[in-house]
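Just below is one structure, and these are the notes that go with it.
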Amino acid sequence: MRFLAIGECMAELAPTGEARDYSLGFAGDTFNTAWYLARLRPENAVSFFTAVGSDPISQQMRDAFRESGIDDSHVQTVPDRTVGLYLISLNNGERSFSYWRGQSAARQLANDPQALAEAMDAADLIYFSGITLAILSSASRETLLTALRDARASGKTIAFDPNLRPRLWSAPSEMTKAVMQGAAVSDIALPSFEDEADWFDDANPTATADRYAAAGATTIVVKNGGDPVCYRQGDTRGNVEVPALSCVVDTTAAGDSFNAAILAGIEANTPLPESIAQACRLAGQVVQGKGALVPVQA
């Protein structure tokens, strides 16, 4: 399988445990999923499509891609831009973020339709998120959605995590409209129930799954924290229990790693309930480490 993730990777400042001390890394929702998928399926080609600047930290980011086994040949360079930055704050394992992303080159990742088409042509499974949509202008967002629609029509598999982040949007209505447009071009949807309930008024995870199925997705996995994961695949429905954890250090990238295991399972034709169980185990490892990218056992 040739996997392509589309989105923004940012410089990450994560607390080390010492007062006011932080370590520098690189992370971002779709990049995190690509990183974990490269750990789970090192034999597969994993690529990342984004844009970076020409400054030293942008080069460090590209070096980090390659060191992680992620192909950077589709990364574009925007000379007068740089990469975004975020800082993680922790409170009993739950994280909050402070962002600096106004000059992020990734906001221009869909400005070149030809580059986008070439990257998609070289992939079998293409993954994007609601954050990918949120950072783009309305025109670039439409360019990306059109390219995804065309890729799906040509036989590519499209996977989507809605990843609702209202602070990135000018209004909630713009967010919910764009997210459902993203769902309409996708085969696989990986929403989180808590967010969906807040912004779509879903009564339960089944309602979330049904809404994404009505939009056009054929495989839907609804994450729900420590509660059972709800899934729908065609007309088949079910729930998978989530193992209890005795220790949660940092929930950063829990959902991103979960998604990687789901996509790895789909690529391997693993039954969906088994893939969900594997995804829960992987996310359980991730939340016991600090930062977005945690060494894990495949």
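Every read-out reported here was derived from the displayed coordinates using simple, explicitly stated rules and does not represent laboratory data. Nothing here was measured: the structure is a model prediction, and the numbers come from that model. In this analysis, Cβ positions are derived from the backbone assuming ideal geometry, glycine residues included, and neighbour counts consider all displayed protein chains.
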With an 8 Å cut-off on Cα pairs and a minimum separation of 6 or more residues, tell me the relative contact order of region 135-289 in percent.
15 percent
What number, in percent, do you get for the relative contact order of region 66-219 if the mean sequence gap of Cα pairs under 8 Å and at least 6 apart is divided by its residue count?
17 percent
With a ≥ b ≥ c taken as the square roots of the eigenvalues of the C-alpha gyration tensor of region 131-224, please select rounded if a/c is under 1.5 and otherwise prolate if a/b is larger than b/c or oblate if it is not?
oblate
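Suppose a student asked you for the relative contact order of the chain, using Cα pairs under 8 Å spaced at least 6 residues apart; what percent would you report?
Across the chain, relative contact order equals 16 percent.
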Decide, for the chain, between rounded, prolate and oblate: order the square roots of the alpha carbon gyration tensor eigenvalues as a ≥ b ≥ c, take rounded if a/c falls under 1.5, and otherwise choose prolate if a/b is larger than b/c, else oblate.
rounded
Cβ-based charge dipole, the chain, positive-most Cα from ILE57, ALA283, THR236
ILE57
Most exposed first by the Cβ proxy, i.e. fewest other Cβ within 10 Å, how do TRP35, TRP100 rank?
TRP100, TRP35
Counting only complete DSSP H runs, which helices of the chain cover 15 Å or more along their long axis at the Cα atoms and score a mean Kyte-Doolittle of 0.0 or above?
254-267, 272-286
Quick calc, the chain, dipole around Cα centre from Cβ unit charges on Lys, Arg (+) and Asp, Glu (-), nearest 20 debye, gives 100 debye
Name the residue farthest towards the positive end of the dipole of the chain from the options VAL75, MET120, THR30, assuming +1 on Cβ of Lys and Arg, -1 on Cβ of Asp and Glu, about the Cα centre.
VAL75
Take the alpha carbon gyration tensor of region 157-298, find the square roots of its eigenvalues, order them as a ≥ b ≥ c, and report rounded if a/c is under 1.5; if not, report prolate when a/b exceeds b/c, else oblate.
oblate
What's the FRET efficiency of ALA197 with TRP100 using the Cβ-Cβ distance as r and R₀ = 25 Å, to the nearest 0.05?
0.25
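Using the beta-carbon distance between SER23 and ASP235 and R0 = 45 Å, what value does 1/(1 + (r/R0)^6) give for FRET efficiency, to the nearest 0.05?
Efficiency, rounded to the nearest 0.05: 0.45.
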